[in-house]
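Enquirer: Encoded as structure tokens, here's the structure I'll be asking about.
The values are calculated or read from the model by the stated rules, or taken from the named source; none is laboratory data. The shown structure was predicted, so the numbers you read here are calculated from the model rather than taken from an experiment. When we count neighbours, we look across all protein chains shown, and the Cβ atoms used for this are built from the backbone with ideal geometry, even at glycine. To get the accessible areas, we keep the full protein, side chains included, count just its heavy atoms, and leave off ligands, DNA and RNA. Shrake-Rupley method; radii C 1.70, N 1.55, O 1.52, S 1.80 Å.
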Amino acid sequence: MPSTDNVMEKLVSLAKRRGFVFQSSEIYGGLGSVWDYGPLGVELKKNIKERWWRSMVHEREDIEGLDAAILMHPKVWEASGHVAGFTDPLVDCKHCKNRFRADDPRIKGTPGQPDAQCPACGSRGTLTAPRLFNLMFKTFLGPVEEAAAVVYLRPETAQGIYVNYLNVLQSSRQKIPFGIAQIGKAFRNEITPGNFIFRTREFEQMEMQFFVKPGTDQEWFEFWRNQRMQWLVGLGVRAEKLRWHQHTPDELAHYAKEAYDIQYEFPFGWQEFEGIHNRTDFDLSRHQEYSGKKLDYLDPATNERFVPYVVETSAGADRTALVVMLDAYSEEEVGGEKRVVLRFHPALAPLKAAVFPLVNKDGMPELARRLYDDLRRHYNVFYDDGGSIGRRYRRQDEAGTPFGITIDGQSTADGTVTVRDRDTLGQERVAADRLVSYLEGKLQG
Ligand SMILES: [Zn+2]
């Protein structure tokens, strides 16, 4: 295994070189903690999201999908507690104009007092007393920039689900218990962002809110904890790199009764990338109160009325992509040469196969092209005829492509090709016309 301190650096560099992730607006010097997904990255993230959607929505009869808008009525964020509570205490340096979290361990002394020292410029007595700063991005709806027109970019997707809970319940004819799943962008004006795509100001969430009868919430909470861990292990993430972290009373969000994070051992330490939360009836009750609309449920079996409890599973798509990339990253020696390989689960790999004519003559390119055209009607496949075959293999190892298909002299004679396995480096001869079904079997799971 490579040493941990520079794995992030290597991954960031590979991500840029191979087109997984680029810094936003790079030609202008970049935009702080905002990242763009390149050709391979967008495929990887899409595969993660599709797998999540399949397991949460398509494979379950008790969960429905939703795609709510990013902009919502500003009252939503008053009801949710984000206007009042979604804040960090911050201090400013009057000298260098830098801004820090009040609990930044680099600050010496007490902010607001003469003894406090700025961690950036070293000045003493220049730090202001802590002030609350809201993490929501604010903008204006319509042409007039006035207080009445303020709207926010949503800081979580969950609220779009809560305000649509009755719409979905009634239109889908679901009964409680049931869930609503959504994948979408959320925005937080983080003060201490960083670690590549781990903490970003614009990010994508994969959230599912499961509505249950009060009293059954604990049972469902355990159920969903189990399901989510199984799903992650099914992505090929090494189990020993995953662990649970239970929120202490200090860590619990204002809406939560109980919460567990799933943590991954990142090169920068154990950190959360998914959470399972028992949000009780907090959100629906608050929306009932703020909107004046009844959001309770009439149980047709018992004729009982209640406001459902909510068990939430909330995952970051970007953090999951980072986990998948880090977990797949491997350096090894092959025949005295170093190779870097991303051992993606085949279902997540951006490219499923690459097609290589051994040389650009003797009918090989024509056959390779035909095969490539056929394969890409089924999978995302890459064609590469540049450089030595060893070089071409290495490039695909770095992209995490599970299979390399080489068309050689024998191929034009008997219609077989070699299929090289990214992980075992084993090669097999397969009839070209059987290739689609051969890959189908290998890419399952
Ligand atoms: Zn300063």
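Enquirer: Mind jotting down the three principal axis lengths of region 352-442 based on Cα atoms? Whole angstrom, largest first.
Expert: 29, 29, 23
Enquirer: Sticking with this structure for a sec: Using a simple charge model, +1 on the beta-carbon of Lys and Arg, -1 on the beta-carbon of Asp and Glu, nothing else, what dipole does region 177-221 show about its Cα centre, in debye to the nearest 20?
Expert: My answer is approximately 140 debye.
Enquirer: Calculate, in whole percent, how much of the Cα-Cα pair population of region 1-158 lies beyond 26 Å.
Expert: That tail contains 59 percent of the Cα-Cα pairs.
Enquirer: What residue among Ile107, Ile70, Ile389 shows peak mean-square fluctuation when the chain is described by a Gaussian network model with Cα springs under 10 Å?
Expert: Ile107
Enquirer: With a/c under 1.5 counting as rounded, go ahead and sort region 372-412 into rounded, prolate or oblate using the C-alpha gyration tensor (a ≥ b ≥ c being the square roots of the eigenvalues; past the cut-off, prolate if a/b is larger than b/c, else oblate).
Expert: oblate
Enquirer: At 10 °C and 1.306 mPa s, grab the translational diffusion coefficient of the chain from Stokes-Einstein with a Kirkwood Rh over Cα pairs, rounded to a whole number in µm² per second.
Expert: 64
Enquirer: Could you calculate, for region 287-365, the ratio of the Cα radius of gyration to the Kirkwood radius, expressed as Rg to Rh?
Expert: Working: Rg = 26.9 Å, Rh = 19.1 Å.
Answer for region 287-365: 1.41.
Enquirer: Another one. Which of Ile262, Tyr152, Thr320 sits farthest toward the positive end of the charge dipole of the chain, with +1 on the Cβ of Lys and Arg and -1 on the Cβ of Asp and Glu?
Expert: Checking the options against the dipole of the chain, the answer is Tyr152.
Enquirer: Still on this structure: At a 1.4 Å probe radius, carbon and sulfur cover how many percent of the accessible area of the chain?
Expert: Whole-percent figure for carbon plus sulfur exposure: 49.
Enquirer: Let me ask something else. In debye to the nearest 20, how big a dipole does region 279-409 give about its Cα centre with +1 on each Lys and Arg Cβ and -1 on each Asp and Glu Cβ?
Expert: 320
Enquirer: While we're here: Can you give the Kirkwood hydrodynamic radius of region 291-445 from its Cα pairs, in Å with one decimal?
Expert: It works out to 18.3 Å.
Enquirer: With every protein chain present, what accessible area does Asp250 have (1.4 Å probe, heavy atoms only), rounded to the nearest 10 Å²?
Expert: 150
Enquirer: Let's see if you can work this out: charge +1 on each Lys and Arg Cβ, -1 on each Asp and Glu Cβ, no other charges. What is the dipole magnitude of the chain about its Cα centre, in debye to the nearest 20?
Expert: Result for the chain is approximately 780 debye, rounded to the nearest 20.
Enquirer: List the GluC sites (Glu not before Pro) in region 266-353 that DSSP assigns to loop (not H, G, I, E or B) and whose Cβ has at most 16 other Cβ atoms within 10 Å. Which are they?
Expert: Loop-located and lightly packed - Glu304.
Enquirer: Then there is this: How about Lys16: which aspartates and glutamates have a C-alpha closer than 16 Å to its C-alpha, ignoring those fewer than 8 places off in the same chain?
Expert: Within the straight-line cut-off, Lys16 pairs with Glu26, Asp36, Glu43, Asp318, Asp397, Glu398.
Enquirer: Also, I was wondering about something else. What ranking of His254, His247 comes out by heavy-atom accessible area, probe 1.4 Å, highest first?
Expert: Ranking His254, His247 by accessible area, largest first, yields His254, His247.
Enquirer: OK, next. Springs between alpha-carbon atoms under 10 Å, Gaussian network over the chain: tell me which of Leu127, Leu351, Leu295 tops the mean-square fluctuations.
Expert: Of Leu127, Leu351, Leu295, the Gaussian network model singles out Leu127 as fluctuating most.
Enquirer: For Leu132, Leu44, Leu166, give me the order by solvent-accessible area with a 1.4 Å probe, most accessible first, ignoring ligands, DNA and RNA.
Expert: The residues order as Leu132, Leu166, Leu44, largest area first.
Enquirer: Between Thr87, Thr320, Thr406, which gets the highest mean-square fluctuation from a Gaussian network model of the chain, Cα cutoff 10 Å?
Expert: With Cα springs under 10 Å in the chain, the top fluctuation among Thr87, Thr320, Thr406 is at Thr87.
Enquirer: Which listed residue (Leu132, Val233, Ser172) has the Cα farthest towards the positive end of the charge dipole for region 117-243, taking +1 on Lys and Arg C-beta and -1 on Asp and Glu C-beta about the Cα centre?
Expert: So the residue furthest toward the plus end is Val233.
Enquirer: Got a sec? Charge dipole of the chain, +1 on Cβ for Lys and Arg, -1 for Asp and Glu; which of Leu342, Leu11, Leu284 is way out at the positive end?
Expert: Checked the options; the winner is Leu11.
Enquirer: Pull out the extension gain between Gln218 and Ile70, defined as 0.36 nm times the separation in residues minus the alpha carbon to alpha carbon distance; nm, one decimal.
Expert: Net length gain for the segment: 50.2 nm.
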